[in-house]
1. I need every pair where a residue in the range 94-123 that is under 30 Å from Leu210 (Cβ atoms) and without any contact (Cβ under 8 Å) to a residue 12 or more places away in the chain has its Cβ under 8 Å from the Cβ of a residue that is within 8 Å of ligand 1 (Cβ to nearest atom) and part of a strand (DSSP E or B), sequence separation at least 6 or different chains.
2. Do we find a residue being surrounded by fewer than 20 Cβ atoms within 10 Å (Cβ to Cβ) and free of Cβ contacts under 8 Å to residues at least 12 places away in the same chain anywhere in the range 53-63?
3. Would you be able to tell me the number of residues in the range 41-78 that are of a type in the set (Phe, Trp, Tyr) and farther than 21 Å from Lys187 by Cα?
4. Pick out the one residue from Lys82, Lys32, Lys39 that is free of Cβ contacts under 8 Å to residues at least 12 places away in the same chain and in contact with an Asp or Glu (Cβ under 9 Å, 6 or more places away or on another chain).
5. Just to confirm my filter: which helices (runs of 4 or more DSSP H) fall fully inside the range 126-189 and include at least 1 residues that are modelled with pLDDT of 90 or more?
6. Is there any pair linking a residue in the range 174-190 that is closer than 12 Å to Val51 by Cβ to one that is surrounded by 12 or more Cβ atoms within 10 Å (Cβ to Cβ) and among the polar types (S, T, N, Q), with Cβ under 7 Å and at least six apart or on different chains, and which?
7. Can you tell me which residue is nearest to ligand 2 (Cβ to nearest atom) among those in the range 82-118 that are among the polar types (S, T, N, Q) and not in a loop (DSSP other than H, G, I, E, B)?
8. From (1) within 25 Å of Asp174 (Cβ to Cβ); (2) at pLDDT below 90, pick out the condition that doesn't hold for Leu99.
Amino acid sequence: MKLDKKKKSRICLACGECCRRYWITILPEESKRISKFLKVSENDFLEKNCVLSVKVFPKTVPGLLTCPSTFFPKKIYKSIEKKLGFSPQSFFVLPQIALKRNGKRCSFLLRGNSCKIYSARPEVCKLFPFIVLPGYRESYPFCGLYRLGEAGCKNLKENRKQFRTVQKYFKKIDKNGFEGVWKTPPKNGRLFLNEEAVGEISISDLNAILAYSNSEYSE
Ligand code: SF4
Ligand code: SF4
């Protein structure tokens with residue numbers, strides 16, 4: 001692997017590690033783009049190729065998408081309590097949609113580490129590894145681009161832009177609800193606690209949680 005000094009461009013080793021390690025989340029406009037690329041309706045794409053991906057983080061200060069734990073479905077709350085060993089009062093909730101996985105890899109990863117939807121792939125795939133997140137240096141030792149250091153990551157501006165786009169997405173959900181943003185979301189998916197998968201979650205569980213998640217909530 002070399003860095004193209006002339007073009008100062010990033011060189012990806014195409015090792016496919018980033019496609020294996022992460023659940024890839026998508027934004028509404030990416031869902032439209034990918035379904036168009038696959039020549040299927042967006043409903044079909046969301047149903048066949050995607051799952052819910054809901055991340056929750058214990059939180060004490062009310063704010064955007066914060067939900068008091070009393071409104072969490074009991075089964076989900078119990079599994080979280082068991083995992084944490086204590087009972088959080090409220091959670092910060094990040095509801096998203098992710099691409100399905102096929103065993104230990106993104107379902108669009110093909111043999112030879114090529115991507116089935118390459119030209120329409122989500123921004124997070126294009127921008128990996130993210131260099132605006134704190135601790136990024138320690139987070140991606142497996143990535144060839146990381147090994148090039150900042151010279152391998154010439155996409156700081158795009159990283160920041162994407163960060164702001166994702167912030168806007170969560171604000172929209174806070175304002176309009178999940179199904180106000182996603183008309184036909186997948187019915188089921190994964191619940192993550194502090195980034196670790198801890199169980200299943202359904203769209204009705206998520207709606208129950210989000211019904212009480214808003215910036216006005218105060219303890
Ligand atoms: S969409 Fe393509 S680039 Fe993104 S994780 Fe899946 S296979 Fe990799
Ligand atoms: S971005 Fe990094 S981890 Fe992903 S395929 Fe390229 S070198 Fe591998």
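The values are calculated or read from the model by the stated rules, or taken from the named source; none is laboratory data. Model, not experiment: these values are computed from the prediction. So basically every Cβ, Gly included, is an ideal-geometry build from the backbone, and we count neighbours across all protein chains shown.
1. Asn102/Leu109
2. yes
3. Residues of the range 41-78 that are of a type in the set (Phe, Trp, Tyr), as a first pass: 45, 57, 71-72, 77.
Adding the requirement that they be farther than 21 Å from Lys187 by Cα leaves 57.
Total meeting the criteria: 1.
4. On the way: Lys82 fails: in contact with an Asp or Glu (Cβ under 9 Å, 6 or more places away or on another chain); Lys39 fails: in contact with an Asp or Glu (Cβ under 9 Å, 6 or more places away or on another chain).
Criteria check complete, one pass: Lys32.
5. Details: elements: 136-139, 144-147, 156-176, 178-181.
Here the list reads 156-176, 178-181.
6. What qualifies is Lys187/Ser202; Asn188/Ser202; Gly189/Ser53; Arg190/Ser53.
7. Initially, the range 82-118 is screened for residues among the polar types (S, T, N, Q), giving 87, 89-90, 96, 102, 107, 113-114.
When the remaining residues are screened for being not in a loop (DSSP other than H, G, I, E, B), the result is 90, 96, 102, 113.
Values: Ser90: 35, Gln96: 20, Asn102: 17, Asn113: 7 Å.
Filtering the range 82-118 for residues that are among the polar types (S, T, N, Q) and not in a loop (DSSP other than H, G, I, E, B), the one nearest to ligand 2 (Cβ to nearest atom) comes out as Asn113.
8. (2)
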